[in-house]
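A.B. asks: This is the structure, below, for whatever I ask next.
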Amino acid sequence: MSPIEKPTRATLEKWHKDPNNWKFGIFYFNKNDKRIFPPKKNKYLGWTVNFANPLSIITLIAITATIIIISRY
């Protein structure tokens, strides 16, 4: 798959079910998956952060900083 191609739903499911993409069973880490917030291991519980994607880490820090700043005022 080239970097420009969008992965199929089957590929996304394969990545999601692969235990090698889950560090300690709770942290999603997949360099091939460009999604910022993929679903959690149990999809009914929401989303998690793809820690292999630098943009997702920046987004997580920005959201956390915003919440801290707002809560102080």
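The values are calculated or read from the model by the stated rules, or taken from the named source; none is laboratory data. Keep in mind the model is a prediction, meaning the values are calculated, not measured. Surface areas here come from the heavy atoms of the whole protein model, side chains and all, with no ligands, DNA or RNA. Shrake-Rupley method; radii C 1.70, N 1.55, O 1.52, S 1.80 Å.
A.B. asks: If the elastic network links every pair of Cα atoms under 10 Å, which of 42, 32, 50 fluctuates the most in the Gaussian network model of the chain?
C.D. replies: 42
A.B. asks: Could you work out the relative contact order of the chain? I mean the mean sequence separation of Cα pairs under 8 Å and 6+ apart, divided by the number of residues, in percent.
C.D. replies: On the way: 66 pairs, mean separation 14.9, N = 73.
That works out to 20 percent.
A.B. asks: Calculate what fraction, in whole %, of the accessible area of the chain sits on carbon and sulfur atoms when a 1.4 Å probe is rolled over the protein chains.
C.D. replies: Working: 3920 of 5940 Å².
C and S fraction of accessible area: 66 percent.
A.B. asks: Please work out which option in (1) 18, 11, 11; (2) 26, 15, 10; (3) 24, 16, 11 gives semi-axes √(5λ) of the Cα gyration tensor in Å calculated from these coordinates, and answer with its label.
C.D. replies: (2)
A.B. asks: Could you report the chain's accessible area per residue, 1.4 Å probe, as an integer in Å²? Could the numbers behind the result be given before it?
C.D. replies: On the way: 5940 Å² over 73 residues.
I get 81 Å² per residue for this part.
A.B. asks: Express in Å², to the nearest 10, the accessible area of residue 8 obtained by rolling a 1.4 Å probe over the protein heavy atoms while all chains stay in place.
C.D. replies: Counting only protein heavy atoms, the figure is 80 Å².
A.B. asks: Rounded to the nearest 10 Å², what accessible area does residue 55 show when all protein chains are kept and the probe is 1.4 Å?
C.D. replies: Spelled out: residue 55, probe radius 1.4 Å, area about 90 Å².
A.B. asks: Same structure, new question: Can you put 57, 69 in order of accessible area, largest first, using a 1.4 Å probe? Can you show the working numbers first?
C.D. replies: Working: 57 65, 69 95 Å².
Result, largest first: 69, 57.
A.B. asks: On to the next question. At 1.4 Å probe size, with no ligands or nucleic acids counted, give the accessible surface of residue 51 in Å², nearest ten.
C.D. replies: Near enough 70 Å² of accessible area.
A.B. asks: With each run of n ≥ 4 DSSP H residues scored as -39500 (n - 2.57), what mean residue ellipticity at 222 nm is computed for the chain after dividing by its residue count and rounding to the nearest 500 deg cm²/dmol?
C.D. replies: Computed mean residue ellipticity for the chain: -12500 deg cm²/dmol.
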